[in-house]
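What follows is a single structure, written as structure tokens, with notes after it.
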Amino acid sequence: MAELDDIIHQPLRLRIMAALNALPTAAAGLEFSRLKKLTGATDGNLGAHIETLARAGYVAVEKAFVGKKPQTTVTATAAGRGAFSRHVATLQEIIAASARQP
């Protein structure tokens, strides 16, 4: 059985990756404020976890200005999508194995 991905397994990072992976591959990603609403995280906590995912190469972060307001968009990378898919498959293996137990 494959190992769970320690980077993704943390609950908030799992929520972030689930939200990003729900988008079509060609999607532009999610804005920071939308991720904040989806995850219920604070600005600082969300920012720290996005940074961890970015350092791992699982997400790309784009910062821009819309008018005079800063806008941060987070997108799952191909590596991040692959890691999330493997993580979910491992969870499914654990569930299937426990269902087979008497």
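The values are calculated or read from the model by the stated rules, or taken from the named source; none is laboratory data. Predicted model, so just to flag it, every value in this text is computed and none were measured. Virtual Cβ from ideal backbone geometry, glycine too; neighbours counted across all protein chains shown. What goes into the accessible areas is simple: the full protein's heavy atoms, side chains included, and nothing from ligands, DNA or RNA. Shrake-Rupley method; radii C 1.70, N 1.55, O 1.52, S 1.80 Å.
Miscellaneous remarks
- Across segment 26-39, rounded Karplus estimates of 3J(HN,Hα) from the backbone phi angles (6.51 cos²θ - 1.76 cosθ + 1.60, θ = phi - 60°) give 7, 5, 6, x, 10, 6, 3, 5, 5, 4, 4, 5, 5, 9 Hz, Gly and Pro being marked x.
- Average accessible surface area per residue within the chain, 1.4 Å rolling probe, Å²: 63
- Vicinal HN-Hα couplings computed from phi for segment 6-17 (Karplus, 6.51 cos²θ - 1.76 cosθ + 1.60; Hz; Gly/Pro x): 4, 5, 7, 5, 4, x, 5, 5, 5, 5, 4, 5
- Whole-Hz couplings from phi, Karplus 6.51/-1.76/1.60, listed for segment 84-98; x for Gly and Pro: 5, 4, 5, 4, 5, 4, 5, 4, 5, 4, 4, 5, 5, 5, 6
- Stretched out straight at 0.36 nm per residue, the stretch from N21 to A78 would grow longer than its current Cα-Cα span by 19.5 nm.
- Remark: the E51-Q10 segment gains 13.4 nm on full extension, using 0.36 nm per residue and subtracting the alpha carbon distance.
- Share of carbon and sulfur in the accessible heavy-atom surface of segment 1-76 [1.4 Å probe, %]: 55
- For the pair A89 and E62, a Förster radius of 41 Å applied to the C-beta separation gives a FRET efficiency near 0.90, rounded to the nearest 0.05.
- Net charge of Cβ neighbours under 13 Å - reference G29; Lys, Arg +1; Asp, Glu -1: +1
- Extending 7 Å from the Cα toward the beta-carbon at both K36 and A97 defines two label points whose distance is 4.0 nm.
- Charge dipole magnitude, Cβ of K and R +1, D and E -1 - segment 34-102, Cα centre, debye nearest 20: 240
- Candidate values (i) 29, 13, 11; (ii) 20, 16, 13; (iii) 25, 19, 13, label of the one derived for semi-axes √(5λ) of the Cα gyration tensor in Å: (i)
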